[in-house]
1. Can A:Ala93 be described as open to solvent by less than 100 Å² (accessible area, probe 1.4 Å), free of Cβ contacts under 8 Å to residues at least 24 places away in the same chain and either closer than 30 Å to A:Ile151 by Cβ or in the same structural domain as A:Leu127 (by TED's automatic domain parsing) (or both)?
2. Run B:Val126 past the list (1) in contact with a Lys or Arg (Cβ under 9 Å, 6 or more places away or on another chain); (2) open to solvent by less than 10 Å² (accessible area, probe 1.4 Å) and report the number of the one that doesn't hold.
3. Of the numbered conditions (1) out of contact with any strand residue (DSSP E or B) (no Cβ under 9 Å at 6 or more places or on another chain); (2) open to solvent by less than 60 Å² (accessible area, probe 1.4 Å); (3) assigned to a loop (DSSP other than H, G, I, E, B), A:Ala21 satisfies every one except a single condition; which is it?
4. What number of residues within the stretch A:40-53 satisfy the criterion of being modelled with pLDDT of 85 or more and either facing chain B (nearest Cβ under 10 Å) or open to solvent by 80 Å² or more (accessible area, probe 1.4 Å) (or both)?
5. Here is a list: A:Val104, A:Val56. Which entry is loosely packed, with under 14 Cβ neighbours inside 10 Å, touching a residue at least 40 places away in the same chain (Cβ under 8 Å) and aliphatic (A, V, I, L, M)?
6. When you go through A:Arg140, A:Arg100, A:Arg50 one by one, which is the residue that is within 21 Å of the chain's Cα centre (by Cα) and of a type in the set (D, E, K, R)?
7. Within the stretch B:48-73, count every residue that is more than 25 Å from the chain's Cα centre (by Cα) and assigned to a loop (DSSP other than H, G, I, E, B).
Amino acid sequence: MPDERPPEKDLGPLRATVNVAKGLWVTLRHLWRRPITIQYPEQRREPFPRFKGRHVLDRHEDGLEKCIGCELCAGACPADAILVIGAENTPEARYSPGERYAKVYEINYLRCIFCGLCVEACPTEALVMSHAYDLASDSRDSLIFTKDMLIADAPLQRRPSKEDLAAGEDVGDFRILKEGLARARAELGKPQRPAPPGAGGRPPAPEEGRPAGTASLGQSASAEGSPKRTEVLEGAPPARGTQAPGDVPPPDPSAPRPTDENISPR
Amino acid sequence: MSMTFLADLVVILAKILIVFLVLSVLVIFIVWFERKVVAHMQSRLGPNRWGPFGLLTSVADGMKLMFKEPITPITADHVTFALAPGISMLAAFLAFASIPFGTSVLIFGHRATFEIADLNVGLLWVLAMGSLAVYGVVLAGWSSGSKYPLLGGIRSSAQMISYEIALSLSLIPVVMSAGSLSLRTIVHAQSGVIGSIGWLGPVGGVGKFIPHWYIFYHLPAFLIFLLAGVAETNRPPFDLAEADTELVGGYHTEYSGIKFAMFFLAEYLHVVTISALAVLLFLGGWNGVTPNLPVLGWIWPLLWFVAKVFFFVFLFVWLRATLPRLRYDKLMAVGWRVLIPAALTWLVVSGLAMAGSV
């Protein structure tokens, strides 16, 4: 078979030397640059707000589980990673507000592909995904997470509540959306929507060098003194450096939780 | 008679021991240096876990290799397989027998020069040992009884033999200028400054500030030597004998443990050898560009020599971090069609110039 490659272009000695010199200059320049390596176990990267990490089962404000054991997540799972066995709530043992609750809830992280279809399928918003991403283990068994490992100790805060919105506090996605809209309007020369009462004269543009949503979260938390803000899963990430990615509420010290290091490694 | 003979023997043995130890430590350091420099050129951090700045990483690697199981393939020629890394390492170490590092020092009334032996054919000795290194590679490739090492060995023999010609030819003009094959004499011939350069006219005075190094006389020969030297050491971009991506490591694919470490050691020793040769023949050896500080005595020239050698070691690392491997036919084309004719041309040109100036 004849050689069908196009004929090689000969650069000529001058061009070739110049090209080699260019390459050498590039590597020499990088010698003095700061390395981009993140020293993983010691340093961690803050995931993006919508990062899909390990799942968490949410609770209601009164402590009841949001999961009603409907198995829709298991049905939606393309990797067949979720096992749910529901059972009836009884007046003596009430776990969730509805009729049924999840007696067994297991996610197999050897199978899970972190697509988030289970979260979308959940009718009660019981299943959410945290920022915890270091899910390595030296045994297969320990990567099958059971219900007591997945369930949150306290209700998670992941959407701005109605009170927040009423107070004019925009959190996370809502705030970013509104600010983007305001910027677009300003550029188009249209009148901006007046700032809602209670916004505290916050500039419409996001603060430079700060993750979006951080400021508003801190303000509203201090303004209301709300104790429930322990975790923000969607939208606003926690302030950099104050919380580990995917931090969940402090675990109950009495209950044995063998995989805590997976949730809050620091 | 016997007393001086005994003293000479002790001095030579001590020098051999010192050179051996210094070189071994130097190789460990250069491996670390290379990993660190290449890492930073690629925006990485490089080794940083063992010791300050990861300096002990190579030591840990060496210990690991010592304790690893030495595997011999069932198809291997056992005797040759065991012998090949030894030949490689021996040749690499022997080359240093005639390489001078500095001036001399008085120890207990005995004047000791910074070399093991000042041979009157020192350069020839170094080149000969470089050629012996081919045997280690070829025999390793052949005796492994495996196709990748065999291909690596064949490539390597062709490459090293072809580039040896260009390497040696590029050195002949220097030998002609110095009038000696002794490395110490060649370095001595490069002391001082060039002096007034007649054909530059009024600005010819700058020659009084330019050291009398052969790189300023034989720049083309120096460039040929550098290219051929990189090829001779089997270093990227001429690492076709190893060619990790094509030959899975080439001639040392089947080697493990301490035998692999010996090949590794030999490769880095060759880097030091070629760097030292470049310094001795073209960059004035231990002659600095500043006057010798009498306070420092013999340390000052030694420092100059080490600094220059390290510049070349850095150059080797720099090339490795930058350039992709040449295709095999291109490599041979460059060797035979460019470097050898160029070296021969420069040989003739410098010969004619010398004949004209006599």
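The values are calculated or read from the model by the stated rules, or taken from the named source; none is laboratory data. Model, not experiment: these values are computed from the prediction. Don't worry about glycine lacking a Cβ; one is built from the backbone with ideal geometry, like all the others, and counts go over all protein chains shown. The protein model used for the area step is the full one, side chains on, heavy atoms only, and it has no ligands, DNA or RNA in it. Shrake-Rupley method; radii C 1.70, N 1.55, O 1.52, S 1.80 Å.
1. It is true that A:Ala93 is open to solvent by less than 100 Å² (accessible area, probe 1.4 Å), free of Cβ contacts under 8 Å to residues at least 24 places away in the same chain and either closer than 30 Å to A:Ile151 by Cβ or in the same structural domain as A:Leu127 (by TED's automatic domain parsing) (or both).
2. Exception for B:Val126: condition (1).
3. Status for A:Ala21: all satisfied but (3).
4. Total meeting the criteria: 1.
5. A:Val104
6. A:Arg50
7. Total satisfying the criteria: 10.
Conditions (1) more than 14 Å from every other protein chain (Cβ to nearest Cβ); (2) in contact with a strand residue (DSSP E or B) (Cβ under 9 Å, 6 or more places away or on another chain); (3) open to solvent by 30 Å² or more (accessible area, probe 1.4 Å), marked per residue:
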site	(1), (2), (3)
B:Phe53	no, no, yes
B:Glu69	yes, no, yes
B:Met89	yes, no, yes
B:Gly102	yes, yes, no
